[in-house]
């Protein structure tokens, strides 16, 4: 397995790798997530992310075939009235092709993100997952992630 840092030339590939996770979210919450999505628009989204110096995207390949990616966002928070200045990294997106799941792809992508965080002097990585995605919850817990806050919502009848 090969893990490498994406470049702008990988934007279309990233858009394609995003498809399984986008479909999963749209199936669970069709009122929020679109599917299918405009491949050109998603490609432009990834191209913009790759232009910024606070974003890093790692791609995984198995035997030369793209298997997944992780999008990391570095954030610097200045000192405020209620908190100390700190750096943190957010795992904004991770997607592993369904046929590649269970082969260590997600683990290797997350470890690449952790290595990057350490290099940048970050001690907290954060991510969020949707409540329906128990498979992702179990994966992240195996990777050592723990809940530190919880979002809640209520769907209103209209």
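What follows is calculated from the coordinates using simple rules that are stated; it is not laboratory data. Note that the coordinates shown come from a computational prediction; the quantities given were computed from them, not determined experimentally. Glycine also receives a Cβ, built like all others from the backbone with ideal geometry; neighbour counts cover every protein chain displayed.
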Virtual spin-label span in nm between residue 87 and residue 19, 7 Å along Cα→Cβ: 3.7 nm
Inter-part distance where segment 122-150 and segment 1-77 are each reduced to a Cα centre, Å: 19 Å
Segment 42-83 residues near the modelled residue 145 label - backbone nitrogen below 19 Å, point 7 Å along Cα→Cβ: 55-60, 67-76
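How big is D, in µm² s⁻¹, for segment 80-158 by Stokes-Einstein at 10 °C and 1.306 mPa s if Rh is the Kirkwood radius over C-alpha pairs? Intermediate values should be presented prior to the final figure.
Numbers: Rh = 14.8 Å.
It comes out at roughly 107 µm²/s.
By count of other Cβ within 10 Å, fewest leading, how are 100, 72 ordered?
Values: 100 19, 72 27.
Starting with the residue having the fewest Cβ neighbours, the order is 100, 72.
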Fraction of beta bridges assigned by DSSP in segment 59-131 that are antiparallel (%, nearest 5): 80 percent
Bins of 5 Å, starting at 0 and running to the largest distance - Cα pair percent for segment 2-142: 2, 9, 18, 21, 21, 16, 8, 4, 1, 0, 0
Computed lengthening from residue 28 to residue 5, 0.36 nm per intervening residue step minus Cα-Cα distance: 5.3 nm
Label-reachable residues, segment 38-54, where backbone N falls under 15 Å from a point 7 Å from residue 119's Cα toward its Cβ: 53-54
